[in-house]
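Worksheet: one structure, shown below.
The values are calculated or read from the model by the stated rules, or taken from the named source; none is laboratory data. Here the structure is a predicted model, which means the values were calculated and not measured. Here the Cβ positions follow ideal geometry from the backbone for every residue, glycine too, while neighbour counts run over all protein chains shown. All accessible areas refer to the heavy atoms of the entire protein, side chains included, with ligands and DNA or RNA removed. Shrake-Rupley method; radii C 1.70, N 1.55, O 1.52, S 1.80 Å.
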Number of protein chains: 2
Amino acid sequence: MVKSFADIEKAVLACERKFKIVVAGSHDAHVMDAVVQTCEKGLAEAILIGDKTKTEQILKKDCAVDFEFIDMSGDDAIANYACDLVVKGEADIPMKGIISTASFMRAVLNKERGFVPEGALISQATLFEWQGRFMVLSDCAINIAPQYEDKIKIINNAVKLAHKMGVTCPKVAVLAPLETVNPKIESSVHAAMLTMANKRGQIKGCVIDGPLALDNAISADAAWRKGIDSVVAGHADILIVPDLDAGNAFTKALTFFAGLKTAGTVNGTAVPVIMCSRTDSGDDKYHSVLAALMQCIGSVAP
Amino acid sequence: MVKSFADIEKAVLACERKFKIVVAGSHDAHVMDAVVQTCEKGLAEAILIGDKTKTEQILKKDCAVDFEFIDMSGDDAIANYACDLVVKGEADIPMKGIISTASFMRAVLNKERGFVPEGALISQATLFEWQGRFMVLSDCAINIAPQYEDKIKIINNAVKLAHKMGVTCPKVAVLAPLETVNPKIESSVHAAMLTMANKRGQIKGCVIDGPLALDNAISADAAWRKGIDSVVAGHADILIVPDLDAGNAFTKALTFFAGLKTAGTVNGTAVPVIMCSRTDSGDDKYHSVLAALMQCIGSVAP
């Protein structure tokens with residue numbers, strides 16, 4: 001089981017195959033920070049697509065990596081070229097650089113490329129280190145107001161990510177503002193439905209409990225004080241937020257207030273995809289690269 | 001201007017008048033931790049209502065405070081008695097102890113007591129220390145899905161709290177998952193409406209900007225990276241969350257992941273009210289007592 005970004009580095013280095021990242025829009029300092037760090041450590045190779053002059057200005061003179069470069073402009077052109085390289089098998093992981101999210105996602109979601117399996121829902125998860133292990137938080141960036149059926153797919157995507165990290169049966173807490181079912185609070189209704197669907201075998205590979213407030217999900221003491229009897233409460237591996245409003249503020253609080261090490265991941269695609277926010281630091285982006293590489297290698301034994 | 005809970009202690013001690021807290025349900029260790037600490041420091045006096053035997057078992061033998069005690073059982077009876085003492089002028093601040101939130105709030109909201117002014121909306125705000133100053137986060141505990149008109153009142157309540165702390169014109173960030181207006185994301189629509197209403201003089205005593213994602217609201221660097229031109233971005237004093245789902249996870253992340261010093265406050269009532277969660281620690285509860293006392297004393301000069 002991997003428990004930290006340092007563990008992922010080791011697991012990736014131990015993997016015989018070296019994967020290739022294709023950077024869509026390389027002319028950005030934070031993006032190149034992450035890519036150079038990845039390649040210098042021998043974790044992966046990279047093809048850069050973007051403004052060559054600007055990118056070379058950003059690359060330090062002592063950069064030991066000899067990148068393959070495609071000089072190109074136009075967000076859509078760059079995004080399509082990057083994704084086509086993956087289709088052709090010349091690269092493994094498309095990474096959004098400084099181009100717009102809309103252009104990048106259009107290229108990724110384009111049906112002809114086959115990156116999105118039939119019936120799949122694309123979701124985002126934040127992977128973060130806390131108390132000597134990883135936790136997964138989803139969805140903080142893609143689905144605005146997921147309904148019950150969407151949340152099943154968001155959970156399945158997050159569970160798959162946890163399985164890749166070696167957590168064989170992740171504990172999933174479905175968050176609401178309180179631990180009781182309240183018909184006026186949709187998140188608590190969804191949580192109850194998802195919990196029972198899991199008990200009835202409709203959602204597999206994990207154990208789900210909710211509604212749980214965040215404190216009940218992660219603190220055994222807080223769960224005990226509320227009299228909650230659950231194997232998930234206090235020990236959650238995966239936190240499912242009610243909607244984008246909640247998820248986005250939550251994941252940013254982890255970075256900006258708690259200063260935790262976080263990685264953004266895109267889930268549900270047939271190939272790993274790296275998509276960071278423009279406001280992510282070089283470190284955040286490097287962690288996101290690590291998370292994507294972890295999804296490339298086989299599951300890590302528990 | 002008060003910038004920390006230590007500053008509030010000093011301001012309260014400097015105030016000639018000593019205020020009296022009435023504890024509704026004193027038979028709880030964390031509650032008594034906070035109350036004993038408050039009284040031992042000479043910040044306030046307290047009347048305890050609850051199970052006398054249990055409370056005395058909790059009180060340490062070396063407790064130097066000689067409490068006035070009313071031995072009583074039954075959540076509703078305790079809550080009503082506590083609030084009636086405030087109506088009679090025998091106490092200043094009702095504090096929820098170990099009794100149920102429903103009983104306590106029924107007693108506080110009872111129209112005959114006059115604690116809730118005509119047209120007022122009761123909201124909650126979390127006051128927390130960050131980077132050498134206070135920030136206010138609202139509403140994390142009371143209003144489930146506040147609409148536009150409710151959010152105006154939530155902002156007015158939070159602004160009043162900031163004024164009491166000596167922030168003469170607080171900067172209010174209305175949060176959404178992104179900084180652009182998206183008709184599919186209600187929080188971004190509300191944020192735009194609130195910002196313009198503030199510009200047109202419909203909401204006073206503060207400067208509002210939104211939609212802002214959390215990173216843009218609190219990090220000048222993140223705001224700059226998104227090209228946001230705003231006096232609020234990067235410097236917010238008050239964060240207004242979209243709804244209870246977002247606020248509740250956010251405030252709990254501040255406590256459980258970031259380990260910040262936080263206080264829960266009830267806003268919009270004619271008298272300060274102390275209401276903590278059962279899962280709050282003794283320290284959290286003590287901070288909430290301090291925040292209520294700060295609302296009793298006159299505004300702190302900037």
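I'm checking my understanding of the structure. Among residues of the stretch B:147-187 that are in a loop (DSSP other than H, G, I, E, B) and under 17 Å from the mean Cα position of the chain (by Cα), which one is nearest to B:Phe250 (Cα to Cα)?
This residue is B:Pro170.
Checking the structure you have, find out if any residue of the stretch A:279-291 is more than 19 Å from the chain's Cα centre (by Cα) and modelled with pLDDT of 95 or more.
Within the stretch A:279-291 (the criterion being more than 19 Å from the chain's Cα centre (by Cα) and modelled with pLDDT of 95 or more), the answer is no, since none of the residues qualifies.
Considering every residue within the stretch A:225-236, establish whether at least one is more than 11 Å from every other protein chain (Cβ to nearest Cβ) and among the hydroxyl-bearing types (Ser, Thr, Tyr).
Yes, the stretch A:225-236 contains at least one residue that is more than 11 Å from every other protein chain (Cβ to nearest Cβ) and among the hydroxyl-bearing types (Ser, Thr, Tyr).
Sort out for me the strands (runs of 3 or more DSSP E) sitting completely within the stretch B:1-80 that have 3 or more residues that are out of contact with any Leu (no Cβ under 8 Å at 6 or more places or on another chain).
Fully inside the stretch B:1-80 and qualifying: B:19-24, B:44-50.
Which of the residues that make up the stretch A:102-131 are loosely packed, with under 15 Cβ neighbours inside 10 Å and within 14 Å of chain B (Cβ to nearest Cβ)?
Correct list: A:Ala102, A:Gln131.
Keeping to the stretch B:211-233, report how many residues are open to solvent by less than 10 Å² (accessible area, probe 1.4 Å) and among the small types (Gly, Ala, Ser).
5
Among the residues that make up the stretch A:42-54, is at least one of them without any contact (Cβ under 8 Å) to a residue 12 or more places away in the chain, among the small types (Gly, Ala, Ser) and more than 30 Å from A:Ile238 (Cβ to Cβ)?
no
Rundown of residues vs (1) closer than 25 Å to B:His163 by Cα; (2) in contact with a His (Cβ under 8 Å, 6 or more places away or on another chain); (3) loosely packed, with under 14 Cβ neighbours inside 10 Å, yes/no style:
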position	(1), (2), (3)
B:Val12	yes, no, no
B:Phe19	yes, no, no
B:Val31	no, no, no
B:Thr53	no, no, yes
B:Ala77	no, no, no
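Tell me, which residue of the stretch B:249-266 that is assigned to a helix (DSSP H, G or I) and of a type in the set (A, V, I, L, M, F, W, C) is most open to solvent (accessible area, probe 1.4 Å)?
B:Phe256
Considering only residues that are in contact (Cβ under 8 Å) with a residue 12 or more places away in the chain and out of contact with any Lys or Arg (no Cβ under 6 Å at 6 or more places or on another chain), which ones fall in the stretch B:203-215?
B:Ile203, B:Gly205, B:Cys206, B:Ile208, B:Asp209, B:Gly210, B:Pro211, B:Leu212, B:Ala213
Considering each residue of the stretch A:274-284, count those that are assigned to a loop (DSSP other than H, G, I, E, B) and either out of contact with any helix residue (DSSP H, G or I) (no Cβ under 6 Å at 6 or more places or on another chain) or more than 23 Å from A:Val108 (Cβ to Cβ) (or both), and give that number.
4
Pairs under 6 Å by beta carbon, first residue under 24 Å from B:Glu149 (Cα atoms) in the stretch B:222-241, partner assigned to a loop (DSSP other than H, G, I, E, B) and open to solvent by less than 60 Å² (accessible area, probe 1.4 Å), six or more apart or different chains?
Hits for this filter: B:Asp237/B:Val167; B:Asp237/B:Pro170; B:Ile238/B:Pro170.
This table checks each residue for (1) over 26 Å from B:Ala102 (Cβ atoms); (2) facing chain B (nearest Cβ under 9 Å); (3) surrounded by 24 or more Cβ atoms within 10 Å (Cβ to Cβ).
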position: A:Ile144; (1), (2), (3): yes, yes, no
position: A:Ile154; (1), (2), (3): yes, no, yes
position: A:Lys184; (1), (2), (3): no, yes, no
position: A:Ala246; (1), (2), (3): no, yes, yes
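Could you check the stretch A:189-224 and list, in sequence order, the residues that are of a type in the set (A, V, I, L, M, F, W, C), in a loop (DSSP other than H, G, I, E, B) and within 10 Å of another protein chain (Cβ to nearest Cβ)?
A:Ala213
Select from the stretch B:253-276 the residues that are in contact (Cβ under 8 Å) with a residue 40 or more places away in the chain and facing chain A (nearest Cβ under 8 Å) and write down the one among them that is farthest from B:Asn156 (Cα to Cα).
Out of the qualifying residues, it is B:Leu260.
May I ask you to verify whether A:Ala192 is open to solvent by 20 Å² or more (accessible area, probe 1.4 Å), among the hydrophobic types (A, V, I, L, M, F, W, C) and without any contact (Cβ under 8 Å) to a residue 60 or more places away in the chain?
Yes: the conditions hold for A:Ala192.
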